[in-house]
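Participant: This is the structure I have questions about; it appears just below.
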Amino acid sequence: MEESKKTIESIDEYISSCPSEVQEVLENLRKVIKEAAPEATEKISYQMPTFFLYGNLVHFAAFKNHIGFYPTSSGIEAFKHELTQYKSSKGAVQFPKSEPLPYELVSKIVKYRVVENIKKAEEKATRKKK
């Protein structure tokens, strides 16, 4: 019988389950995201730390050699020129653990996503009123 994986319930629990050398980086990343999106709430989605504001804003996760940051495809596209030095895909970017995280860039991306989610929520509310 297969062992079922423990379900992570909170970002605190997620971070504390990571190796100690990664925990400080994740706490700093969390702090930067909170400062850029103070109204966002924290949750676990897809078993990853997630910030939510009128929908998922960003996710992050620790891996063996990198920190994954998931600002959706629009977040990647809007900052593609600033992300060229990192491995990225349609909706994700990998920050190598061997390098300092670009917290200023993360903050800009999160702020961009906040504006985007608020705009989408307002447009949806306007459509409902019609």
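The values are calculated or read from the model by the stated rules, or taken from the named source; none is laboratory data. Note that the coordinates shown come from a computational prediction; the quantities given were computed from them, not determined experimentally. Please note: Cβ atoms are built from the backbone with ideal geometry, for glycine as well, and neighbour counts cover all protein chains shown.
Participant: Evaluate the range 106-128: report whether one residue or more is in contact (Cβ under 8 Å) with a residue 12 or more places away in the chain, farther than 19 Å from Leu53 by Cβ and of a type in the set (Gly, Ala, Ser).
Facilitator: Looking for residues that are in contact (Cβ under 8 Å) with a residue 12 or more places away in the chain, farther than 19 Å from Leu53 by Cβ and of a type in the set (Gly, Ala, Ser), one finds none in the range 106-128, hence no.
Participant: Same structure, new question: Find the residue count for the range 43-59, including only residues that are surrounded by 15 or more Cβ atoms within 10 Å (Cβ to Cβ) and either touching a helix residue (DSSP H, G or I) at 6+ places or on another chain (Cβ under 6 Å) or closer than 14 Å to Glu116 by Cα (or both).
Facilitator: Residues that pass the stated criteria total 8.
Participant: If I ask for residues that are more than 16 Å from Ile109 (Cα to Cα), in contact with a Pro (Cβ under 9 Å, 6 or more places away or on another chain) and surrounded by fewer than 17 Cβ atoms within 10 Å (Cβ to Cβ), which ones from the range 60-86 would you list? Working first, answer last.
Facilitator: Going residue by residue through the range 60-86, those that are more than 16 Å from Ile109 (Cα to Cα) are 61-66.
Checking which are in contact with a Pro (Cβ under 9 Å, 6 or more places away or on another chain) leaves us with 61-62, 65-66.
Scanning the range 60-86 gives a single hit, Asn65.
Participant: Still on this structure, please answer the following. Using the structure shown, decide if Thr84 is among the β-branched types (Val, Ile, Thr) and under 30 Å from Ala125 (Cβ atoms).
Facilitator: No, not satisfied.
Participant: Does Val32 fit the bill of being at pLDDT 95 or above, closer than 19 Å to Glu116 by Cβ, of a type in the set (A, V, I, L, M, F, W, C) and part of a helix (DSSP H, G or I)?
Facilitator: Considered against the rule, which asks whether it is at pLDDT 95 or above, closer than 19 Å to Glu116 by Cβ, of a type in the set (A, V, I, L, M, F, W, C) and part of a helix (DSSP H, G or I), Val32 comes out as yes.
Participant: Applying the selection to the range 68-98, what residues are under 23 Å from Glu24 (Cβ atoms), small (Gly, Ala, Ser) and assigned to a strand (DSSP E or B)?
Facilitator: Gly68
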